[in-house]
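Undergrad: For reference, the structure I am asking about is given below.
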Amino acid sequence: MERSLYDRLGGVDAITAVVRAVVDRQMKDDRISQKFARTNVDRVIKEFVDLICQVTGGPCTYTGRNMTETHHDMGVTSGEWDAFVEDVVAVLNDFKVGKAEQDELLNMLAPMRPEIVEVESPQVETPLPSAFIAAPPL
Ligand code: HEM
C-alpha cells in the first residue's frame, strides 16, 4: 500500500515548517499581504497545519472554521488565489518537495477554491474590506 501523502511530506514537523514559511511568504507578498492585515498569525499557522495534516491523511483533527466562513467577505479575487497558490509552490520547491507530492497537495486544495474566491477578477493587491472581522487568537 502506498504511504499517505502526510508521511511522504515528512509528518507534522515538516508540514509545520512548510506552513510557517508559506504564511511568512504570503505576508510579504504585496499581491495578497493586505488580506492578512488583521490576522492573528499564530492562529492561522496552527489551523493551517491541522488542516493540511488532516487532508493528507495525518493524525490531526481540524477544529477551525470552515473555508466559506473563514474567507467570507474578505473579497479574495481569482488573481489573489493564483498568487496564494504560487507562494505555496515556491515554498514546496524551497523544501525540495517532489512534483508528485506537490501535485497531490494542490489537487486537495483546488476544490476549496469556490469557497474562498469571491471575485472572479485577475486583480491583485485588493484591500481587506473594512467590515471584515478577523478571527480572535486561540
Ligand atoms: C486552498 C487555499 C486555502 C486554504 C486551505 C486556506 C486555509 C485557511 C485556514 C485553515 C485559515 C484559518 C481558519 C481559522 O482561523 O479558523 C485561514 C485563514 C485565512 N486565510 Fe486562508 N486559505 C486558503 C486560501 C486563502 C487565500 C487565497 C487567501 C487570500 C489571498 C487567504 C487568506 C486568509 C486570511 C487573511 C486568513 C485569516 C482570517 C482571519 O484573520 O480571520 N486564504 N485560511
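Undergrad: Does region 72-85 contain any residue that is free of Cβ contacts under 8 Å to residues at least 60 places away in the same chain and more than 21 Å from Gln123 (Cα to Cα)?
TA: No; the residues of region 72-85 include none that is free of Cβ contacts under 8 Å to residues at least 60 places away in the same chain and more than 21 Å from Gln123 (Cα to Cα).
Undergrad: Given the options Ser130, Ser121, name the one that is without any contact (Cβ under 8 Å) to a residue 12 or more places away in the chain and either near the ligand (Cβ under 9 Å from one of its atoms) or not in a helix (DSSP H, G or I) (or both).
TA: Result: Ser130 is the single residue among Ser130, Ser121 that is without any contact (Cβ under 8 Å) to a residue 12 or more places away in the chain and either near the ligand (Cβ under 9 Å from one of its atoms) or not in a helix (DSSP H, G or I) (or both).
Undergrad: Right, something else. Which residue out of Thr61, Thr16, Thr77, Thr56 is hydroxyl-bearing (Ser, Thr, Tyr) and under 22 Å from Ala131 (Cα atoms)?
TA: Testing whether each residue is hydroxyl-bearing (Ser, Thr, Tyr) and under 22 Å from Ala131 (Cα atoms) leaves just Thr77.
Undergrad: Restricting the search to region 87-138, which residues are acidic (Asp, Glu) and surrounded by 14 or more Cβ atoms within 10 Å (Cβ to Cβ)?
TA: Asp87, Glu101, Glu104, Glu115, Glu118, Glu125
Read the figures in this text as sums done on the coordinates, not as results from a lab. In this text the structure is predicted, and so the values were computed from the model without any measurement. Ideal geometry is used to build each Cβ from the backbone, glycine not excepted, and the neighbour counts take in all protein chains shown.
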